[in-house]
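Student: Take this structure, written in structure tokens, and hold onto it; I'll ask about it next.
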Amino acid sequence: MRKWLLLVVLLLAPCASRAAESGRVVSPRDTVSLVSAARAVDGDRIRLGLLFRLAPGWHIYWKDAGDAGEPPGLRLTAPKGAKAGAFSWPAPSWMVQGPVGDYVETGTVLLPFTMRLAHEPSTKGVEIAASATWLVCNPKICVPEQGRFTLHLPRGAAIPSRQAGLFAEAAAKLPRPSPFAVRIAPEGTMIVSGRGLGRANVKAAHFYPDNVNAIANSAPQRLSFTRGGFLLRLKPAGWKPGAPLTGVLEIIDPSGQMQALTVSASPAGTAPAAAHRVPLTAFLLGAFLGGLILNLMPCVFPILAMKALAVARLSVADRRGVRVQSLAYAAGAVVAMLAIGALLIALRAGGASLGWGFQFQSPVFVAVMAWLVFAIGLNFAGLFEFGFGFVSLGAEVAQRGGIPGSFATGMLAVVVATPCTAPFMGGAIAAALAAPAPAALGIFAALGFGLALPFLMIGFIPGLGRVLPRPGAWMLVLRQFLAFPMFGTAAWLLWVMTQEAGADGALILAGGAVLIAFGLWLLRFQGMLPRGLAVLAAIALIGLLPRIIPAQAAARLSLPGAVPYSAARLAALRAEGKPVFIDMSAAWCVTCLVNERVALEPARVRQAFAARRVTLMLGDWTRRNAAITRYLAAHGREGVPLYVYYPPAHAAPEILPQILTPRIVLRALGK
């Protein structure tokens, strides 16, 4: 008899657990049901939820759907007199398709609500009936769906159901009241103030309004920082200045953890923008100093030969010619910096995740630069002439033809020197990318001016001009000698190509160099060989570019004992209180490579890492990597190198200088 009773209990137990979920409405897009947090009813309030299990690629809409769509709706039809409260909504995700911005929910989504009965349940329990409508979409199509759900709950103790865990998870995802002060300025800047809201703790943020028409839902929300928190630039739509703005604010830290906060932004007089807290002149000065120091950084090694020849050209010009050529060089540097800045600002405004030196993340750009530098080396060696005044060493010809050459040298100096950032540059570039376009371009112009200042000083300070040696045969020897640094630069870019496009890319780059040399050799015999052969060589060279295909991404672990950067792994190590040293670098960043060889590879430094059990993480930004870009932005940087040391026992991280020495690293570890 006991065996039969045990069998009956075992058979009925699954039924009891299933009683907390209605029948399911199933489609290829989703599975939807009505669930209860308890297996029985005890009192006049019941915690229910509409449960969505969405297929990959499909979504439903948040309570504020955004520019398109509509949120799910539910209506109770039984028991009589029962009322359903509002859904409790988890924080949404932002989805943009062209001019349309939507707020959506994906994956497994539970929308909890409380049902209040008109009277106490009878001994038979409660028979719940509801109908629901919802819109389920993917990027191409939306499908309206509906369903009817019935759920019987007996009267008894409110024992947690099998679905109770879903309610606990949903409660953990609900936005909580904000502990931070939040204000909204008339032009739409949200000002968030409080402790722990600096660059080291905030990677990204997004605001979701309660009012569907409050802001332009598809507009990017640009993040910048102040001393006491951060700013989020919204684009107002239906929101009226002077009125409060309510909604949900999502804040994501560098490890990827998100906290959702309900906020009611009170009106503020004006936004304390970063440019207001820190005057624009400070960023202009920082950019100028950064450009000036950039002349001393290892990043400019590839263009030292160009600069040396440019200085030598000044010695053959009169005083007026010296000034004109120095101005041409400075103009080239400023114009190139403005062009790079404008392109970077435009691409980021379009949603691209890019930073300083982004052009070197393209193997096609690396190939073009390698070929250009190789051609310049051939010119220095005497294989051909540019036509920029290099033919004659006489003052008259140099003065007449040197202006285009000085302008081109200034432009090339900027393009080749951009892989790395110098001190003062990081904050200035970050400010430029968060500032309005005119101020941003002013900062980039200051960078170019700082880079060109030493050349300008030679042109406009007579005492410096007089130290230049007199023209002579030495200039021809110098020019030929400087061909070898250019060939060395081309070899370095060939190595960079192997990091980005593998052996096939390196072979294409080398083959292109052969075509360049062959075409230029043909042009030396204009009267003997048809020019068509040189044209064919040029066409073949251009045809090689589409064949350069980026190789499969793989972390460049050039340091012994290094592991690839991972936000999740960093968060796990930090949670355990273990020390971590972050090295953000790239194969095309000469300063990064020098720092690694000089400051991180020596045996005593590696022994210190091992003795203190420090995990060395290498973030390889040679190719585009959104996770590294976000980490850089969270630390106020738009380019590499970046070195951050996380001490043990959850101590505050320390950002190290961009020029490293073993002593600096060991001192940080010793702290």
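The values are calculated or read from the model by the stated rules, or taken from the named source; none is laboratory data. Given the structure is predicted, the values throughout are model-derived calculations rather than measurements. Cβ sites come from the backbone with ideal geometry, for glycine too, and all protein chains shown count toward neighbours. The area values use the complete protein model at the heavy-atom level, side chains included, leaving out ligands, DNA and RNA. Shrake-Rupley method; radii C 1.70, N 1.55, O 1.52, S 1.80 Å.
Student: With only Lys, Arg, Asp and Glu charged, each at its Cβ (+1 for the first two, -1 for the last two), find how big the charge dipole of the range 198-255 is about the Cα centre; round to the nearest 20 debye.
Tutor: Values: 7 positive and 3 negative charges, 59 e Å.
Here the size comes out at about 280 debye.
Student: Just to make sure I understand: if all protein chains stay in place, what is the order of W521, W492, W62 by accessible area at 1.4 Å, largest first?
Tutor: Numbers: W521 115, W492 40, W62 0 Å².
Most to least solvent-accessible, the answer reads W521, W492, W62.
Student: Given H119, V96, Q163, which one lies farthest toward the positive end of the charge dipole of the range 10-167, if we put +1 on the Cβ of every Lys and Arg and -1 on the Cβ of every Asp and Glu?
Tutor: H119
Student: Follow-up. Could you please report the charge total around Y631, scoring K, R as +1 and D, E as -1 over all other residues with beta-carbon less than 10 angstrom from its beta-carbon? Can you show the working numbers first?
Tutor: Working: positive: K203, R630, R637; negative: none.
Within the 10 Å Cβ shell, the charges total +3.
Student: Relative contact order, percent, of the range 33-130 when contacts are C-alpha pairs under 8 Å separated by at least 6 residues?
Tutor: On the way: 183 pairs, mean separation 37.6, N = 98.
Contact order relative to length: 38 percent.
Student: First check a/c for the range 180-274, with a ≥ b ≥ c the square roots of the eigenvalues of its C-alpha gyration tensor; if it is under 1.5, answer rounded, and if not, answer prolate when a/b is larger than b/c or oblate otherwise. Could the numbers behind the result be given before it?
Tutor: On the way: a/c = 1.79, a/b = 1.38, b/c = 1.30.
Prolate.
Student: Please give the length that would be gained between A168 and A219 if that part of the chain were fully extended, namely 0.36 nm times their separation in residues minus their C-alpha to C-alpha distance (nm, one decimal).
Tutor: Working: separation 51, 0.36 × 51 = 18.36 nm, distance 3.38 nm.
Result: 15.0 nm gained on full extension.
Student: Moving on. Compute the FRET efficiency between Q146 and S264 as 1/(1 + (r/R0)^6), taking r as their Cβ-Cβ distance and R0 = 51 Å, and round to the nearest 0.05. Show your work: numbers first, answer last.
Tutor: Details: r = 34 Å, r/R0 = 0.68.
So the FRET efficiency works out to roughly 0.90.
Student: Please compare each pair in K140/K240; K203/K578; K63/K124; K63/K140; K203/K235; K124/K173 to a cut-off of 28 Å on the Cα-Cα distance and tell me which ones are over it.
Tutor: Details: K140/K240 34 Å; K203/K578 21 Å; K63/K124 35 Å; K63/K140 21 Å; K203/K235 21 Å; K124/K173 35 Å.
With Cα atoms farther than 28 Å apart: K140/K240; K63/K124; K124/K173.
Student: A follow-up question, please. Using only alpha carbons, build the gyration tensor for the range 65-198 and give me the equivalent ellipsoid semi-axes, biggest first, whole Å. Could the numbers behind the result be given before it?
Tutor: Working: eigenvalues 245, 98, 39 Å².
Equivalent ellipsoid semi-axes, largest first: 35, 22, 14 Å.
Student: Amide H neighbours of T77 under 5 Å, counting only residues 5+ apart in sequence or on other chains, H built in-plane at 1.01 Å?
Tutor: Under 5 Å from the amide H of T77 lie the amide H atoms of A129, A130, S131, each far enough along the sequence or on another chain.
Student: When Lys and Arg each count +1 and Asp and Glu each count -1, what net charge do the other residues less than 11 Å away from Y208, Cβ to Cβ, add up to?
Tutor: Numbers: positive: K63; negative: D64, D102, D210, E250.
Residues near Y208 contribute -3 overall.
Student: Also: Rounded to a whole number, what is D in µm²/s for the range 67-128 from Stokes-Einstein with the Kirkwood radius over alpha-carbon pairs (25 °C, 0.890 mPa s)? Intermediate values should be presented prior to the final figure.
Tutor: Working: Rh = 14.6 Å.
Answer, rounded: 168 µm²/s.
Student: Enumerate the amide H contacts of G66 below 5 Å, restricted to partners 5 or more residues apart or on another chain; note that Pro and chain-start residues carry no placed amide H.
Tutor: Result for G66 returns Y103.
Student: Next question. At 4 °C and a viscosity of 1.567 mPa s, what translational diffusion coefficient does Stokes-Einstein give for the range 473-524, taking Rh as the Kirkwood radius over Cα pairs? Give it in µm²/s as a whole number. All intermediate terms of the calculation are to be shown ahead of the outcome.
Tutor: Details: Rh = 12.5 Å.
This corresponds to a translational diffusion coefficient of 103 µm²/s.
Student: Using modelled backbone amide H atoms (1.01 Å from N, in-plane), which distant-in-sequence or interchain residues come within less than 5 Å of F87's amide H?
Tutor: For F87, no residues qualify.
Student: For the range 617-626, what does the Karplus curve 6.51 cos²θ - 1.76 cosθ + 1.60, with θ = phi - 60°, yield as ³J(HN,Hα) per residue in whole Hz, taken in order and with x for Gly and Pro?
Tutor: Karplus-based 3J(HN,Hα) across the range 617-626 equals 10, 10, x, 8, 9, 4, 10, 4, 9, 4 Hz.
Student: If you don't mind, there's one more thing I want to ask. Are there trypsin sites (Lys or Arg not before Pro) in the range 59-106 that DSSP marks as loop and that have at most 11 other Cβ atoms within 10 Å, and which are they? List each step's numbers first, then the result.
Tutor: Numbers: sites: K63, R75, K80, K83; in loops: K80.
Answer by residue number: K80.
Student: With a 1.4 Å probe and every protein chain left in place, work out the accessible area per residue of the range 68-150 in Å², rounded to a whole number. Spell out each step's value before the answer.
Tutor: Working: 4340 Å² over 83 residues.
So the range 68-150 comes to 52 Å² accessible per residue, rounded to a whole number.
Student: What translational D, rounded to a whole number of µm²/s, comes out for the range 29-93 from Stokes-Einstein when the hydrodynamic radius is the Kirkwood one over Cα pairs, at 4 °C and 1.567 mPa s? Intermediate values should be presented prior to the final figure.
Tutor: Details: Rh = 14.1 Å.
Rounded, D is 92 µm²/s.
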